[in-house]
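Engineer: Could you have a look at this structure, given as C-alpha cells, before my questions?
The values are calculated or read from the model by the stated rules, or taken from the named source; none is laboratory data. It should be emphasised that the depicted structure is a prediction, and the values quoted were computed from it without experimental measurement. All Cβ positions, glycine included, derive from the backbone under ideal geometry; neighbour counts span all protein chains shown.
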Amino acid sequence: MKNDRAGLLAGLSAYTLWGLYPFYFKALGQVATTEVLAHRIVWSLLMLTLFLPMADVRRDIVRVFRTPSLLLGMLGSTLIISSNWLVYVMAVQGGHVLEASLGYFLSPLTFVILALLVLHERLRPLQGLAVGIATLGVLWMIVHAGIVPKIALFLGISFAVYGLVRKRLPVGPLAGLFLECLFATPLAMALLWYAHLHGGIAFTQLDRSTDILLMLAGFFTIGPLWLFNVAAKRLALTTIGMLQYIAPTLLFFSGAFVFQEPVDLGRLLGFVAIWVALAVYTADALGASARFWPSASPAARSGGHPREPGMAAPVGNGARTYEVAVTDADNPKLDPHPGSNTEKDPDNWVSGDEPMTGAQASYLTTLCEEAKVEPPSKDLTKAEASKMIDELKGRLGR
C-alpha cells in the first residue's frame, strides 16, 4: 500500500504540474514564443544529460544511431513534439488556454480514431459512440458557434500522432526525450542566435527573474515526466487513464476563471459534448477491464508495476491513456518480436513460480492490445502469464 500511495501522489503531482503550465508560460509572456521553445529544448537536454548515466539508456541511444529506420522515426517524432510544444506556448501566451484544454481533452479520442484509421483496429460500440459525440461537439462549435478550434485540433491531433509514432518505436521514454531534445537543439540554437543578432533575445537582457524562469524550463519539462514514470510503475493503467483528465481540467478552469477567457454558450456546449464523450470512453475502458480480469488469476487482478510508458506528456500535458506509448526498450529481455528459442518463443515457455520472462510480458501486452483489454499491472509468474496468454489467444481465435 505504501508504494501505491507513493505512485498515486506521483501521478497527481505530474498531472497537476502539467495543468499549471499556463501560469509558468504566462510569467514568460514578455519572451518570444520561439525563444521559450528554444530554452525548453536546451535546458531539457542539459538536465537529461545529467540523468542519463543513472538511467542506463545508452543501449537505446546507440541502437537508434545504428538503425536508419529508428533514426528516421525519432527525427519525425522530434518534429511533431517540437511543433506541439510551440503551438501550446503560443496558445497560452496568446490567451487561448481554453482551446489548449480542449485539445488535450480530445487527445484520448483522437488516439481511438488513429487506431481505427492507421492500425485498422475495430472500435467497441461505446468507443464509436464516444467518438461520434466528440465529433458532434466539434461540429457544433464550427457550425453553430462560429468557432473553428484550430489550436485544439492541432494539439489533439499532433499529440495523438506523436503517441502513435512513439508507440511503434522501441525506444524508452528517457532515451527518446533525450534524442528528441538533441535533434531539436540545432534549431533551438539557431533561433537563439537569430534573436541575438536582431536584438530580440530576452535571456540576460531583461530581469533576473526571467532568466531564472527560462533556466527552469528543463525542470518543468523533465520533472513531471519523471513523476509520471514513477506513477506508471506503481499504478494500474486504468488509474493513469483517470488521472490524465486532471491537466486539461485545470487548464479549463484556469482559462475561464483565472485568465478570464470568454466562455460563451456555444463554446460551453461544445465542451459539454467532449466531456460526455470522455465519460462514455472512460466507462467503456473500465467495463472492458472488469469483464476481463474476473477470469484472470488473483495476482493479475491486483494491479501494480505496469511497464514503463513511452514519452508522454506533455507530455503529457494530460493526454495519453497512455496508453500512452508503451515500449520495453529499457529492458533487454523484453523483445517485442519473440523468436524461436526457448526464452523468446511464447509457445515454449515453461510454467512455474518464477517471474514471467520479458518476452512473455511483451507478448502478453500485444495480445491485450489486440483483444482491447488492459494488460496486467503487476508482475506475474510464468504459470499465470501462460494461463492469461492461452485465454487471450482463445478469445482471438488463435
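Engineer: Ala217 is checked against (1) without any contact (Cβ under 8 Å) to a residue 40 or more places away in the chain; (2) crowded, with 22+ Cβ neighbours inside 10 Å; (3) not basic (Lys, Arg) and fails just one. What number does that condition carry?
Structural biologist: Every condition holds for Ala217 apart from (1).
Engineer: Looking only at segment 20-40, decide whether some residue is under 22 Å from the mean Cα position of the chain (by Cα), assigned by TED's automatic domain parsing to the domain that holds Gly218 and more than 30 Å from Gly199 (Cα to Cα). Please lay out each step first, then the result.
Structural biologist: We begin by selecting, within segment 20-40, every residue under 22 Å from the mean Cα position of the chain (by Cα); these are 20-25, 36-40.
Filter again for assigned by TED's automatic domain parsing to the domain that holds Gly218, leaving 20-25, 36-40.
Then drop every residue that is not more than 30 Å from Gly199 (Cα to Cα), which leaves 20.
Within segment 20-40 (the criterion being under 22 Å from the mean Cα position of the chain (by Cα), assigned by TED's automatic domain parsing to the domain that holds Gly218 and more than 30 Å from Gly199 (Cα to Cα)), the answer is yes, since at least one residue qualifies.
Engineer: Which of the helices (runs of 4 or more DSSP H) contained wholly in segment 14-71 include at least 3 residues that are of a type outside the set (A, V, I, L, M), more than 28 Å from Ala232 (Cα to Cα) and touching a helix residue (DSSP H, G or I) at 6+ places or on another chain (Cβ under 8 Å)?
Structural biologist: Values: elements: 21-27, 33-55, 58-66.
So the answer is 33-55.
Engineer: Please work out which residue is nearest to Val31 (Cα to Cα), limiting yourself to segment 208-223 and to residues that are among the β-branched types (Val, Ile, Thr) and touching a helix residue (DSSP H, G or I) at 6+ places or on another chain (Cβ under 7 Å). Steps first, answer last, please.
Structural biologist: Filtering segment 208-223 down to residues among the β-branched types (Val, Ile, Thr) leaves 210, 212, 221-222.
Then drop every residue that is not touching a helix residue (DSSP H, G or I) at 6+ places or on another chain (Cβ under 7 Å), which leaves 221-222.
Details: Thr221: 18, Ile222: 21 Å.
Result: Thr221.
Engineer: Considering segment 90-110 alone, what residues qualify as being crowded, with 23+ Cβ neighbours inside 10 Å, closer than 24 Å to Cys181 by Cβ and of a type in the set (A, V, I, L, M, F, W, C)?
Structural biologist: Ala91, Val92, Ala100
Engineer: A further question follows. Test Pro306 against the criterion of being part of a helix (DSSP H, G or I) and at pLDDT below 70, and give yes or no.
Structural biologist: On the way: part of a helix (DSSP H, G or I): no; at pLDDT below 70: yes.
Considered against the rule, which asks whether it is part of a helix (DSSP H, G or I) and at pLDDT below 70, Pro306 comes out as no.
Engineer: While we're on this one: Out of curiosity, is Ile133 in contact with a His (Cβ under 6 Å, 6 or more places away or on another chain) and touching a residue at least 12 places away in the same chain (Cβ under 8 Å)?
Structural biologist: Values: in contact with a His (Cβ under 6 Å, 6 or more places away or on another chain): no; touching a residue at least 12 places away in the same chain (Cβ under 8 Å): yes.
The answer is no for Ile133.
Engineer: Looking only at segment 87-117, which residues are closer than 17 Å to Ala256 by Cβ, assigned to a helix (DSSP H, G or I) and not aliphatic (A, V, I, L, M)?
Structural biologist: Applying the first criterion (closer than 17 Å to Ala256 by Cβ) to segment 87-117 yields 91-92, 94-105.
Then keep just the ones that are assigned to a helix (DSSP H, G or I); that gives 91-92, 97-105.
Across segment 87-117, the qualifying residues are Glu99, Ser101, Gly103, Tyr104, Phe105.
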